[in-house]
Amino acid sequence: TLTTMTMVAFKLSSPWLIAASILLSAATTTAFTSRNISSRRIANNPTLLLSSTADTPVSTQYDIVKVDLTDGRDYPIYIGSDFTDDEAAALIKPHIIGKRVLLITNDNIDKWYLDRYQKLLEGDGKQVDTVVLPDGEEHKTFECMSMVLDRALELGLDRRSTFVALGGGVIGDMVGFASAIYQRGVNFIQIPTTVMAMVDSSVGGKTGVNHPLGKNMVGSFHQPQCVFIDTTTLDTLPDRELKSGISEVVKYGLIRDAPFFEWQEENMTKLLGRDPDATRYAIKRSCENKAEVVKADEKEGGIRATLNLGHTFGHAIETESGYGTWLHGEGVSIGTAMAATMSEKLGWIDADLKERIYKILEDAKLPVKLPKESPMTLESFNKLMSLDKKVADGQLRLILLQGDLGGCVFTGEFEKNALQETIEEFVAEINA
């Protein structure tokens, strides 16, 4: 019964199961979609999709994608829209272990969502304090992140405290890093408010800050307790940020999910138009892909590196141009075009696939070449790429496309002339 399910959930101390059972137990009848699965499969499958139905008092439909890790560190990604305060609280609060919460956002998001989440997380003996950081990639620094640590120490927060990241990728990365190093590790929760964060950065436990010499060069792997996605927050997301996030959605189709890429080709207009069904599907499918990769390679020893398609080129562009000049997804888009161009030069993909890649990025209104004001040179690319985190024993390793759509390799074994020719071709466009 539902009552039994709730009791078992509490007995097993599984927060994501507790949250689901709280909502389910409120129902007089519950109908599962065809994607809902047995408890045995839930335990063994890296992704779980669980949907509420209109037949229950909880009218909001939502999905759960499970990130399956070792040592009981599994956690859910809740994906839905228009959650009521009670529904959001029912899903999030079981993942808060202690009584103290530090809710962190930026000075752009705070006016939209800070009060709401502070209030819905309070109650049941929990005290919620807040920190508001400056917005923007240029503020993704150790100094800015230290404001979180300073506030936690001023409040006397202990190891049973929970940090909650409310915002995009910059906030999520900094709060995750702060939670990883505060008293050698406290729990944290991700509430992403951008497409970029929803489909990529909030999932998988990569945290960190930028360094003047390289992007995301200081950080840690630290997994959240849960990720709560309410796509309604995208209503306040600027169009430029929306398009930036789509670059990471395109990535999944290129490196491992050809049918998803083909779906994007057919539905890009809907994604740019913020169609709710298309948006939710793109986020869910992206999270499923990310969860599967993280399960296979949590600390990026191999296959997880493929999620960085275009990032080595893109990070160099972001760093040399000055953090904040380019949105992350814009840099990745140009980097993806460069990776596709290099892959074709190597003979690893055909011209038709390269053209499809350029077209989908252009359909998404994303850049595929450097602008005339770009400071990039052959020398700056080579210098910054040599500092990339995927360099091993002095050898640059790249994610390149190979074979049919959905195929890629992570390798340092490539003709260096192809790399240099690719960089020269893109740099030459600056003065064209």
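Assorted remarks:
- In region 298-312, the count of residues that are of a type in the set (S, T, N, Q), open to solvent by 10 Å² or more (accessible area, probe 1.4 Å), farther than 30 Å from F228 by Cα and part of a helix (DSSP H, G or I) is zero.
- Look at (1) closer than 23 Å to F177 by Cα; (2) modelled with pLDDT under 95 and you find that Y75 fails only one, number (2).
- Of all residue pairs spaced 6 or more apart or on separate chains, those with beta-carbon atoms under 6 Å, a first member in region 105-130 that is within 16 Å of V170 (Cβ to Cβ) and a second member that is open to solvent by 50 Å² or more (accessible area, probe 1.4 Å) and part of a loop (DSSP other than H, G, I, E, B) are N106/D135; D107/D135; N108/D135.
- The condition of being at pLDDT 95 or above and on the phi > 0 side of the Ramachandran plot holds for only one of K354, K365, that being K365.
- For region 272-284, taking the residues that are open to solvent by less than 50 Å² (accessible area, probe 1.4 Å) and under 24 Å from P76 (Cβ atoms), the one that is farthest from the chain's Cα centre (by Cα) is identified as A278.
- Among the candidates P259, P224, residue that is farther than 23 Å from F313 by Cβ, touching a Gly at 6+ places or on another chain (Cβ under 9 Å) and part of a loop (DSSP other than H, G, I, E, B): P224
- Residue check for Q183: in a helix (DSSP H, G or I), free of Cβ contacts under 8 Å to residues at least 60 places away in the same chain and among the polar types (S, T, N, Q): yes
- From G169, G205, G214, G136, residue being touching a residue at least 40 places away in the same chain (Cβ under 8 Å) and either within 21 Å of K295 (Cβ to Cβ) or hydroxyl-bearing (S, T, Y) (or both): G205
- A residue that is closer than 30 Å to P134 by Cβ and modelled with pLDDT under 95 occurs somewhere in region 286-305.
- Members of region 184-195 that are open to solvent by less than 20 Å² (accessible area, probe 1.4 Å) and either among the hydrophobic types (A, V, I, L, M, F, W, C) or more than 11 Å from the chain's Cα centre (by Cα) (or both): V186, F188, I189, I191, V195
- Close pairs from region 57-75: first closer than 13 Å to H222 by Cα, partner at pLDDT 85 or above and polar (S, T, N, Q), Cβ under 6 Å, at least 6 apart: R73/Q223; Y75/Q225
- Single condition T231 does not satisfy, out of (1) out of contact with any Phe, Trp or Tyr (no Cβ under 6 Å at 6 or more places or on another chain); (2) without any contact (Cβ under 8 Å) to a residue 40 or more places away in the chain: (2)
- For region 317-327, the condition of being in contact with a Gly (Cβ under 7 Å, 6 or more places away or on another chain), surrounded by fewer than 21 Cβ atoms within 10 Å (Cβ to Cβ) and in a loop (DSSP other than H, G, I, E, B) holds for at least one residue.
- Positions within region 199-221 being part of a loop (DSSP other than H, G, I, E, B) and over 23 Å from S380 (Cα atoms), in sequence order: S202, V203, G204, G205
The values are calculated or read from the model by the stated rules, or taken from the named source; none is laboratory data. The structure presented is a predicted model; accordingly, all values stated were derived computationally and were not measured. Note that we place each Cβ from the backbone using ideal geometry, even for glycine, and neighbour counts take in every protein chain shown. Remember, those area values only see protein heavy atoms, side chains included, never the ligands or the DNA or RNA. Shrake-Rupley method; radii C 1.70, N 1.55, O 1.52, S 1.80 Å.
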